[in-house]
Amino acid sequence: MANLSAILKYPDEFYPLLKLKMAIKEAEKQIPQEHHWGFCYSMLHKVSRSFALVIQQLGPELRNAVCIFYLVLRALDTVEDDTSIATEIKVPILKAFHQHIYDRDWHFSCGTKHYKVLMDEFHHVSTAFMELDRGYQEAIEDITKKMGAGMAKFICKEVETVDDYDEYCYYVAGLVGLGLSKLFYNSGLEDMPSDTLSNSMGLFLQKTNIIRDYLEDINEVPKCRMFWPREIWSKYVDKLEELKYEENSDKAVQCLNDMVTNALLHVEDCLTYMSALRDHAIFRFCAIPQTESSRIMAIGTLALCYNNIQVFRGVVKMRRGLTAIVIEQTNSMADVYGAFYDFACMLKPKVDKRDPNATKTLSRIEAIQKICIDSETLNKRKLYVVKSKPGLTPALVFVFFIVLAIIMRLIFPKRHNNS
C-alpha cells in the first residue's frame, strides 16, 4: 500500500520503477551453469539484488572478479558482525581470512539467513576465486588481509576520535574502494587512481550508512557496536543513546548535522574519481551500483537526513521510485554532476544559521555546487531530483490505472474454466 501511495503521489516514477524491477528479474535469470559460479551469482542476488544488476553489466572477466571480491568481503563482514562469536575466536579468523580464500575445504558457520548459507558453503566462493587471473587474486587477497586486520583491531578498540572514525571507515570501506580500483586497473580498462581518491569513495558511502542507521544500530539486540565518534557526539550528550530521547531532540539534530558535515568532506574526491573513469560500465558501477549505497544515493540520503529528527525516530531513505529514476537517467558524468548539484540545492535551504556547524556546512555545500557548475555540464542533463510539489491530474490518474490494469493482465492472465 505504501508503494502504491508513493506511485500515486509521484506518477513520473512509475515507469522507471517498473523498468528497474524488470531488469533485476531478467538479471536473476542469467545465472552461470557451473555449480560454484551459479552459487556465487545466486548468492550475490540474494544479498544485494541491485548491486548484482550493475555487476552483471561489467565485462565477463571483471564481472567475475568483482562478484568474488564482494562475496569474500561480505563473508568477512559476516564474521565481524556476528555478536555470538567470542572475541578470542573472532579475532584470529578475521586476521587469517585472506588465507582461507585459497582453501576449497574451509567454511565457518555463523551469521543468519543468506549470510549463513554463504558461510556454510564458502567453498564455492573459494573454488571460483581460484579460477580468477592471478592479478585479481592478489588484489583480493591483499585487501582482505588488510581489512581483516583492521576489523580485528577495532573489535578491541572504541571509536573515540574523528581520526579513529576515519581509520575504521578506511578498514571496512576505504579498502573496498582501493580494491575495486586495483581490479579495474588489472582489467586494463582504467588507470590506477590515487589511494586518497579510492579511499574517499569508500568513506563517503560508509559514513552515510553509519549516519542513516543510527536508530537501527542503537536498538539492536544483542547490542551492536556503534561507530559515531565520541569526539563529535560528546559535544551534545553524555551518552550516545541519549540522542534518541525526545527531550534531546535539539541536541540530536545538531549532532546529526555535525556528522553529515563531516561526510560531505569526501564529495570532491568522489567526483574527481568518477570523472576520470573511461569505461562506461565501470562508470555506472561506481555511480549507481546499489539502491542505498551508491555515491548519488549517498548524497541524496545525506540531504534527506540533514536537520531531520526522523533519523532518531524511524527510517530515513530515498523513495524507491526516485532511486529508479536516478538509475535510469545516470548515463554520463554530466548526470552525476547534475544529481550532486540538485541534492546540494535540496540540502542548502535546510541549514539553520543558528546550527553550531552552519558556516562549515554551507561552505562544503557551496564547494560541491561550484565543482558541479565549473564542470559546465549542468545544462546537458534533466533536473530530475529537485522538483515542485508532486501532484496528480485526473488524466494522470486515469492513465496510471489503465497501465496498471494492463500489467496485472500480463502478470496474471485470465484462466478459462473448461468445466
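Go through segment 85-142 and give me each residue that's of a type in the set (A, V, I, L, M) and over 18 Å from H45 (Cα atoms).
Result: I85, A86, I89, V91, I93, L94, A96, I101, M130, L132, A139, I140.
Residues of segment 87-104 being outside any helix (DSSP H, G or I), under 29 Å from K157 (Cβ atoms) and open to solvent by 50 Å² or more (accessible area, probe 1.4 Å), which ones?
Within segment 87-104, Y102, D103 qualify.
Which of the following residues is at pLDDT below 90, in contact with a Pro (Cβ under 9 Å, 6 or more places away or on another chain) and either of a type outside the set (F, W, Y) or more than 19 Å from I296 (Cα to Cα) (or both): I406, I327, I411?
None of the others qualify; the one that does is I327.
When you scan segment 325-341, do you find a residue that is of a type in the set (A, V, I, L, M), open to solvent by 40 Å² or more (accessible area, probe 1.4 Å) and touching a residue at least 12 places away in the same chain (Cβ under 8 Å), even just one?
No, there is no match, as no residue in segment 325-341 is of a type in the set (A, V, I, L, M), open to solvent by 40 Å² or more (accessible area, probe 1.4 Å) and touching a residue at least 12 places away in the same chain (Cβ under 8 Å).
Kindly indicate the residue of segment 358-380 that is outside any helix (DSSP H, G or I) and crowded, with 18+ Cβ neighbours inside 10 Å and also modelled with the lowest pLDDT among those meeting that condition.
Within segment 358-380, the match that is modelled with the lowest pLDDT is T377.
Yes/no per residue for (1) assigned to a helix (DSSP H, G or I); (2) under 21 Å from S48 (Cα atoms); (3) small (G, A, S):
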site	(1), (2), (3)
W106	no, no, no
K116	yes, yes, no
H124	yes, yes, no
A128	yes, yes, yes
A139	yes, no, yes
G150	yes, no, yes
Y168	yes, no, no
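All but one of (1) among the hydroxyl-bearing types (S, T, Y); (2) part of a helix (DSSP H, G or I); (3) open to solvent by 70 Å² or more (accessible area, probe 1.4 Å) hold for S84, so report the exception by its number.
With (1) among the hydroxyl-bearing types (S, T, Y); (2) part of a helix (DSSP H, G or I); (3) open to solvent by 70 Å² or more (accessible area, probe 1.4 Å) applied to S84, the lone miss is (2).
Can you name the residue in segment 42-73 that is more than 20 Å from F108 (Cα to Cα) and either free of Cβ contacts under 8 Å to residues at least 24 places away in the same chain or of a type in the set (S, T, Y) (or both) and, of all such residues, is most open to solvent (accessible area, probe 1.4 Å)?
P60
Out of segment 141-158, which residues are within 22 Å of the chain's Cα centre (by Cα) and open to solvent by less than 10 Å² (accessible area, probe 1.4 Å)?
I143, T144, M147, G148, G150, M151, F154 - these are the residues of segment 141-158 that are within 22 Å of the chain's Cα centre (by Cα) and open to solvent by less than 10 Å² (accessible area, probe 1.4 Å).
Does segment 291-315 hold any residues that are open to solvent by 40 Å² or more (accessible area, probe 1.4 Å) and either among the hydrophobic types (A, V, I, L, M, F, W, C) or modelled with pLDDT under 90 (or both), and which are they?
Selection gives T291, E292, L304, I309, V315.
Assess whether S200 counts as being touching a residue at least 40 places away in the same chain (Cβ under 8 Å), among the small types (G, A, S) and in a helix (DSSP H, G or I).
The answer is yes for S200.
When the residues of segment 191-220 are narrowed to those that are more than 13 Å from the chain's Cα centre (by Cα), at pLDDT 95 or above and among the hydrophobic types (A, V, I, L, M, F, W, C), which ends up surrounded by the most Cβ atoms within 10 Å (Cβ to Cβ)?
L197
Checking the structure you have, find out if any residue of segment 213-224 is among the aliphatic types (A, V, I, L, M), in contact with a Pro (Cβ under 8 Å, 6 or more places away or on another chain) and part of a loop (DSSP other than H, G, I, E, B).
Within segment 213-224, not a single residue is among the aliphatic types (A, V, I, L, M), in contact with a Pro (Cβ under 8 Å, 6 or more places away or on another chain) and part of a loop (DSSP other than H, G, I, E, B).
Give G188, G111, G135 a once-over and let me know the one that is surrounded by fewer than 17 Cβ atoms within 10 Å (Cβ to Cβ) and in a loop (DSSP other than H, G, I, E, B).
G188
Just to be sure, is F39 touching a His at 6+ places or on another chain (Cβ under 6 Å), at pLDDT 65 or above, open to solvent by less than 40 Å² (accessible area, probe 1.4 Å) and aromatic (F, W, Y)?
Yes: the conditions hold for F39.
Scan segment 94-102 and tell me whether some residue there is more than 17 Å from S187 (Cα to Cα), without any contact (Cβ under 8 Å) to a residue 24 or more places away in the chain and of a type outside the set (G, A, S).
Scanning segment 94-102, I find at least one residue that is more than 17 Å from S187 (Cα to Cα), without any contact (Cβ under 8 Å) to a residue 24 or more places away in the chain and of a type outside the set (G, A, S), so the answer is yes.
The values are calculated or read from the model by the stated rules, or taken from the named source; none is laboratory data. Quick caveat, the model's predicted, so the values are computed rather than measured. Ideal geometry is used to build each Cβ from the backbone, glycine not excepted, and the neighbour counts take in all protein chains shown. Remember, those area values only see protein heavy atoms, side chains included, never the ligands or the DNA or RNA. Shrake-Rupley method; radii C 1.70, N 1.55, O 1.52, S 1.80 Å.
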